[in-house]
Amino acid sequence: MEPLGEQERERLLHTQRLKAAVHYTVGCLCQEVAEDKGIQFSKQTIAAISEITFRQCENFAKDLEMFARHGKRTVINSEDVKLLARRSNSLYSSTDLTTAGASAMS
Amino acid sequence: MEKREESASGFRKETVNKILHLHFKDDKTRVSSDALLLMAEMLNVFVREAAARSARQAQAEDLDRVDIEHVEKVLPQLVCKV
C-alpha cells in the first residue's frame, strides 16, 4: 500500500479536526437535550449522532452547490438553504425563525 | 451581531463554512454570511431532533439511558425527511 501523499494527508488531518469540532458541538447539544428530558446519552450515541451529522453535511453541501449553480450563482444564499430544508417541518421552521429573528435585529 | 441570544452551544459559522467547503466540487463556490447562519441553526435543529427522537425511543422502552440502538431505530425517519 502506497503511503499517503502530502495533500491527502493534509486533507485527512483537516477532516479529522472538523469531525472533532462537530463531535464537541454535538456533545454540547445532546447535553442540553439530556438535561431537558432527564435522560443520559451514552458516549457511543453521541459519536453516532456526530458521525451522522457529519455525513449529512456532505449531502447538504452538494445540494447547496447545485441549487446555487441552478440559479447561475457561485455564492450560496439563504434561499438555497431554505430549499434544502423544505422536506422537514422542524428544519424549515428553523430557517424561517432565524430569518425573522435576523430582520428583527437589524 | 456576534452576541449569542439563547443557547451558548451550537455550530459556529466558521466550522460550518469549512465543512461545506470540504465537499464543494467547484473552487469558486462560496457561502453568504446569512446562509451560513441559517445552516448553523439548521444543523443545531438536526442534532437536537436526532437526540430528542433517540431519547424518546429509549424512554418508550422504559430506559433512562440512550444507546446506539435507539439512534439506529430513529435514523430512517431522521434522514429521510431531510
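The values are calculated or read from the model by the stated rules, or taken from the named source; none is laboratory data. The structure displayed is predicted, hence computed values, not measured ones. A quick note on method: Cβ atoms are made from the backbone with ideal geometry, for glycine too, and the neighbour counts reach across all protein chains shown. Keep in mind that these areas ignore ligands, DNA and RNA; they rest on the heavy atoms of the full protein, side chains included. Shrake-Rupley method; radii C 1.70, N 1.55, O 1.52, S 1.80 Å.
One residue stands out among those in the range A:60-89 that are more than 13 Å from B:Met39 (Cα to Cα) and of a type in the set (S, T, N, Q): the one that is farthest from the other protein chains (Cβ to nearest Cβ), which is A:Asn89.
So which helices (runs of 4 or more DSSP H) stay within the range A:1-92 end to end and still have 3 or more residues that are touching a His at 6+ places or on another chain (Cβ under 9 Å)?
On the way: elements: A:6-37, A:43-70, A:78-85.
Where helices (runs of 4 or more DSSP H) fall fully within the range A:1-92 and carry at least 3 residues being touching a His at 6+ places or on another chain (Cβ under 9 Å), they are A:43-70.
Considered as a group, the residues in the range A:36-57 that are open to solvent by 70 Å² or more (accessible area, probe 1.4 Å) and more than 7 Å from chain B (Cβ to nearest Cβ) include one that is farthest from A:Ala20 (Cα to Cα), and that residue is A:Asp36. Total residues in the range B:8-22 satisfying the condition of being under 17 Å from A:Gln56 (Cβ atoms) and assigned to a helix (DSSP H, G or I): the figure is 8.
Within the range A:58-81, being buried (at least 19 other Cβ atoms within 10 Å of the Cβ) and touching a residue at least 12 places away in the same chain (Cβ under 8 Å) holds for A:Phe60, A:Leu64, A:Ala68, A:Ile76, A:Ser78, A:Asp80, A:Val81. Only residues that are more than 7 Å from chain A (Cβ to nearest Cβ), under 17 Å from the mean Cα position of the chain (by Cα) and closer than 15 Å to A:Ile49 by Cβ were counted across the range B:21-69, and they come to 1.
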